[in-house]
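Asks: Structure provided below as structure tokens; questions to follow.
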Amino acid sequence: MRKILLLVLTAAPLLAFSQGFQVNLGGQKQIGMGHTGTGIVQDGASVFFNPGAVAMLPENYIQGGISPLLFKSVFNPAGTSIQNHTSNKVATPFHAYAVWGPKSSFWKLGLGVYTPFGGLTDWGNTWQGKYVLESLDLKAIYIQPTLSIKLADWMSIGGGFVYNHGSVDLTRAIPLANSSGDPGQARLKGGGKGYGWNAGVYFKTEAGITIGITHRSQVNTTISAGNAIFTVPASLQSSFPQPNTFSSTIPLPATNSIGFGFYPSSKWILAMDVNLVNWDSYKTLSFDYKNNTAVLQDTHSARNYQQAFSLRGGAQYKATDKLALRFGGGYGGTAVLDGYVTPEVPDANRVYGTLGLGYTVAKRLDIDISFEYEHLMKRTQTNIESQLSGTFKTDVYIPGISLAYHW
Amino acid sequence: MKTFKLHIYIVAGLLLLGACKPEIHTPKPSAGSVDFSRYIALGNSLTAGYADGGLYLAGQQVSYPSIIGKQMQSVGGGAFTQPLFSTAQANGSGYLSLTGFNADGTPITTPVTTNLAVRGLLPVPGFGNVTLYTKYTGDINNYGVPGIKLMHITYAPYGNLNGYFERLLPGNAPTNSTTYLDFVMSKPFTFFSNWLGNNDALSYATSGGAGDVLTDKNTFAALYNVLINTLTAKGQKGVVATVPDVTSIPYFNTITVSAILAGVQKANPNAKALYINALVSGSTYAPRVATPNDLIVLTFPTSKIGQLVATPVGNLPYGLTPYTPIDNQYVLDEKEVALTGDYVTSYNTTIKSVAAAKGLAVFDAYTFLQNIKLNGMVVDGVSVNSNYISGGLFSLDGVHLTPRGYAIVANEFIKAINDKYNSSIPQVNISDYNGVKFP
């Protein structure tokens, strides 16, 4: 009679990918030039930037690099002077490519392993939004075999198949206090997979300008049986059955790019890329728990992302035969509408600048380093779902280094 | 050597990046047009930090005035001192603790009876026993006294009838003659909050309209004017709060007529209705069939239903016949609800007009809690509502708030003050405060 329904203390983790999770750190030479690479041919990273251009590579390549990423966000809750910072954690986007074809042949094979999406955000367990998110570690590793064919001296095409292995590890406080007053915690941890493809075309025009157009498809990544671990006061554990699993599908969006290369002198390359990312496929984020109870229901959170574009430009100056200097920058529009910004990635319009340096240390060995600074504009938001209200600001620092062997 | 140097630079660079954090520049908190140097809080149990059916140290430490006082310190507020129970007597008056759930999901609460601050029991002729608590000596900013009504603030013997007030006074009951208002005014202050008036309606309501009376509307208005005139005599500023609708609390909404009836019908499908002893008019009560508009109190022992009661027409089951209605003290019936509502509306008209005349800030607790009852509320990812235990806002007694509830109320007071006085007292982080504690 005195029945109490422990109402819907929704354990709905609000996972979001966004521009912030599209890391695009595909190669050090390209990062140095402001993330351009669709319309020019630099090295094996063309497997990622434009598979259509791979056949135009004059040599075979094997290369790899890493771009440690420091994502530093601050949140100022509305009406306070509190500053909540994310802790210092270094994400490690990496890339490795191999490109091979017979000398002077019309085709080349490529293989790329890279991390186009990912995020590492740790707000800690004492901040204002801990019931929305404590921490998130998200990785997507794409493996992409590629074939590229030169149709003519001035035109090549290529395409690849993408296998994605994704993993997520998300924690969030649950507003159910134990006898010491400490809150519970939800942790969702699991891996999944998805498939996709990409294709590109590359032209050399008579005016000396090179042009690349690519499409990287949407990759629906499904985590079918991740662990759903709920730490709650003992008297409520039966409402959060353990062990439990969850399933969720996240559409990693398609990206359309067009890029141009200009060559004002033998020492200079200028490049420009425009990307349109089809984030509008990301309408809802759902979590389906295997064992539901009156309290633990499946969750469906509206995301309603919109298409986002970015504009990138960069240059390379070949100071000597062995030394290349690079710089670039760009602008990316946010995919997240007002009212939908969440702390997983406090997305906003962003600007960035990059610097790079390439050095040929031995006859066939390039070492490239790059540095990127990215600034997400201050954004004051009240999230519709969580009512978390305040101002986000984010700086991202990405140094990087790669080695490329070519023959 | 050269590469070694390069490494050093890279490592140094990474460390440097690790050190630079983005900052959001916020305007410096400002006191606006107010001097917050000595803030005092007047009120009843809600102001004292009462929760889970008792006043105890952990509740006092999260009282809304203590939260406001702490936040005021960034805009020139002084120390905010409360009449805390000592750690040795941390459980104060004792309180209820949630110790588990029955198989049907109903909560099991157990009284905490150790480490109390009870000093003794004083029998007062014609009144009853007054529990006395260990005296508090020291500075006081929080004058919240559980049980006090506005009606009591100028009543000289009150210090002998309320153990929570007696505890603050230097003298021992039954020798006290300092009124609450005089006691509060004995030390100068620059800013006040006042949330008196709840018990003038609530004490009547929680006793099912049987154990107490509503304070007369004109008496309320007269005393409220006296109170505010006195508090603002030297130009002090302040914030006042309205009286919540008594039906917005889980104390009246958890055990419902339909739930009791459904339970009865499980055992006895022929049971058609519950009977209550309901108000007809004035002080006349008569049995009638209960409707969903009659509110049953949280403390009603539902096991009484159906127990045989001796009546002139034989033994009949309790609550199920017109001869054996549920006692008046357990029911705030429809007419009593309306009567209470009418008084509360009148009290609030007084509070708002007096506040407007004196240029005081107002936290409209009536509207705020009514809105939560109707729509719930989401704060920083946490859903709160007026449901018992699960709502997160109300403590185990169904009347007083949880730490989360008090933090939310503190922020509402702060918003009202900031709006009125152009100040910018920072709000508190509600995520730091818990709801009901579960075993």
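The values are calculated or read from the model by the stated rules, or taken from the named source; none is laboratory data. Predicted, not measured: the structure shown is a model, and the values here were computed from it. For neighbour counting, all protein chains shown are included, and Cβ atoms are generated from backbone atoms with ideal geometry for every residue, glycine included.
Asks: Considering each residue of the range B:67-90, count those that are buried (at least 23 other Cβ atoms within 10 Å of the Cβ) and over 14 Å from B:Ile425 (Cβ atoms), and give that number.
Replies: 2
Asks: Given A:Ala335, A:Ala324, which one is crowded, with 19+ Cβ neighbours inside 10 Å, of a type in the set (A, V, I, L, M) and in a strand (DSSP E or B)?
Replies: A:Ala324
Asks: With respect to B:Val264, determine if the residue is more than 16 Å from B:Leu339 (Cβ to Cβ) and at pLDDT below 95.
Replies: Yes.
Asks: Which residues, counting only those in the range B:156-188, are surrounded by 15 or more Cβ atoms within 10 Å (Cβ to Cβ) and assigned to a loop (DSSP other than H, G, I, E, B)?
Replies: Matches in the range B:156-188: B:Leu161, B:Asn162, B:Arg167, B:Leu168, B:Leu169, B:Asn172, B:Ala173, B:Pro174, B:Asn176, B:Thr178, B:Thr179.
Asks: Name the single residue that is surrounded by the most Cβ atoms within 10 Å (Cβ to Cβ) among those in the range A:360-407 being more than 9 Å from every other protein chain (Cβ to nearest Cβ) and outside any strand (DSSP E or B).
Replies: Among residues in the range A:360-407 that are more than 9 Å from every other protein chain (Cβ to nearest Cβ) and outside any strand (DSSP E or B), the one surrounded by the most Cβ atoms within 10 Å (Cβ to Cβ) is A:Ile384.
Asks: Only one of (1) crowded, with 19+ Cβ neighbours inside 10 Å; (2) over 19 Å from the mean Cα position of the chain (by Cα); (3) within 14 Å of chain A (Cβ to nearest Cβ) is not met by B:Ala117, so which one is it?
Replies: (3)
Asks: For the range A:26-48, what are the residues that are touching a strand residue (DSSP E or B) at 6+ places or on another chain (Cβ under 6 Å) and among the polar types (S, T, N, Q)?
Replies: Hits for the range A:26-48 are A:Gln28, A:Thr36, A:Thr38.
Residues are listed down the side, and each one gets a yes or a no for (1) out of contact with any Ser or Thr (no Cβ under 7 Å at 6 or more places or on another chain); (2) closer than 17 Å to B:Ser207 by Cβ; (3) modelled with pLDDT of 95 or more:
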residue: B:Val297; (1), (2), (3): no, yes, yes
residue: B:Ser303; (1), (2), (3): yes, no, no
residue: B:Val309; (1), (2), (3): no, no, no
residue: B:Gly314; (1), (2), (3): yes, no, no
residue: B:Leu320; (1), (2), (3): yes, no, no
residue: B:Tyr330; (1), (2), (3): yes, yes, yes
residue: B:Gly341; (1), (2), (3): yes, yes, yes
residue: B:Ile351; (1), (2), (3): no, no, yes
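Asks: Just checking, does the range A:35-58 include any residue being within 30 Å of A:Gln128 (Cβ to Cβ) and of a type outside the set (Ser, Thr, Tyr)?
Replies: No, every residue in the range A:35-58 fails to be within 30 Å of A:Gln128 (Cβ to Cβ) and of a type outside the set (Ser, Thr, Tyr).
Asks: Sticking with this one: Can you name the residue in the range A:143-182 that is assigned to a loop (DSSP other than H, G, I, E, B) and either within 14 Å of chain B (Cβ to nearest Cβ) or not aromatic (Phe, Trp, Tyr) (or both) and is also nearest to A:Gly208 (Cα to Cα) among such residues?
Replies: A:Asp153
Asks: May I ask you to list pairs of residues, at least six apart or on different chains, whose Cβ atoms are under 6 Å apart, with the first in the range B:14-37 being more than 9 Å from chain A (Cβ to nearest Cβ) and on the phi > 0 side of the Ramachandran plot and the second being crowded, with 17+ Cβ neighbours inside 10 Å and at pLDDT 85 or above?
Replies: B:Gly32/B:Tyr421; B:Gly32/B:Ser423
Asks: Next question. If you go through the range A:183-236 one residue at a time, how many are under 30 Å from B:Gly100 (Cα atoms) and crowded, with 19+ Cβ neighbours inside 10 Å?
Replies: 9
Asks: Of the conditions (1) among the small types (Gly, Ala, Ser); (2) part of a strand (DSSP E or B); (3) within 14 Å of chain B (Cβ to nearest Cβ), A:Ser235 satisfies every one except a single condition; which number is it?
Replies: It is condition (2) that A:Ser235 fails.
Condition check ((1) more than 30 Å from B:Leu42 (Cα to Cα); (2) within 26 Å of the chain's Cα centre (by Cα); (3) surrounded by fewer than 20 Cβ atoms within 10 Å (Cβ to Cβ); (4) β-branched (Val, Ile, Thr)) across all residues:
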residue	(1), (2), (3), (4)
B:Asn225	no, yes, yes, no
B:Thr230	no, yes, yes, yes
B:Ala262	yes, no, yes, no
B:Arg288	yes, no, yes, no
B:Thr291	yes, no, yes, yes
B:Asp294	yes, yes, no, no
B:Pro301	yes, yes, yes, no
B:Lys304	yes, no, yes, no
B:Ala310	yes, no, yes, no
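Asks: Another question, then. Which strands (runs of 3 or more DSSP E) sit wholly inside the range A:22-122 and have at least 2 residues that are among the hydrophobic types (A, V, I, L, M, F, W, C) and within 14 Å of chain B (Cβ to nearest Cβ)?
Replies: In the range A:22-122, the matching strands (runs of 3 or more DSSP E) lie at A:69-77.
Asks: When you look at B:Ser383, is it in a strand (DSSP E or B), more than 19 Å from A:Ser81 (Cβ to Cβ) and touching a Leu at 6+ places or on another chain (Cβ under 9 Å), yes or no?
Replies: The answer is yes for B:Ser383.
Asks: Out of the residues in the range B:95-110 that are more than 9 Å from chain A (Cβ to nearest Cβ) and in contact with a strand residue (DSSP E or B) (Cβ under 9 Å, 6 or more places away or on another chain), state the one that is surrounded by the most Cβ atoms within 10 Å (Cβ to Cβ).
Replies: B:Tyr95
Asks: Of the residues B:Gly359, B:Gly392, which is in the same structural domain as B:Lys70 (by TED's automatic domain parsing) and within 23 Å of B:Thr106 (Cα to Cα)?
Replies: On inspection, the qualifying residue turns out to be B:Gly392.
Asks: Given the conditions (1) under 27 Å from B:Gly391 (Cβ atoms); (2) touching a strand residue (DSSP E or B) at 6+ places or on another chain (Cβ under 9 Å); (3) β-branched (Val, Ile, Thr), and given that A:Thr293 satisfies all but one, which numbered condition is not satisfied?
Replies: Result: A:Thr293 fails condition (2) only.
Asks: Here is a further query. Which residues, taken from the range A:97-125, are polar (S, T, N, Q) and within 16 Å of A:Asn164 (Cα to Cα)?
Replies: Scanning the range A:97-125 gives a single hit, A:Thr115.
Asks: Is one or more of the residues making up the range B:362-370 touching a helix residue (DSSP H, G or I) at 6+ places or on another chain (Cβ under 8 Å) and within 8 Å of chain A (Cβ to nearest Cβ)?
Replies: No.
Residue by residue, here is whether (1) assigned to a strand (DSSP E or B); (2) touching a residue at least 40 places away in the same chain (Cβ under 8 Å) holds:
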site	(1), (2)
A:Ser257	yes, yes
A:Phe260	yes, yes
A:Pro264	yes, no
A:Leu270	yes, yes
A:Val274	yes, no
A:Asp288	yes, yes
A:Asn291	no, yes
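Asks: I've got another one for you. Six or more apart or on different chains, Cβ under 7 Å: which pairs go from a residue in the range B:239-263 that's within 11 Å of chain A (Cβ to nearest Cβ) to one that's among the polar types (S, T, N, Q) and in a helix (DSSP H, G or I)? Could you list them?
Replies: Listed pairs, sorted by first residue: B:Ile255/B:Thr302; B:Ile260/B:Thr302.
Asks: While we're looking at this one, here's another question. Which is at pLDDT below 95 and under 19 Å from the mean Cα position of the chain (by Cα), of B:Ser383, B:Ser390?
Replies: B:Ser390
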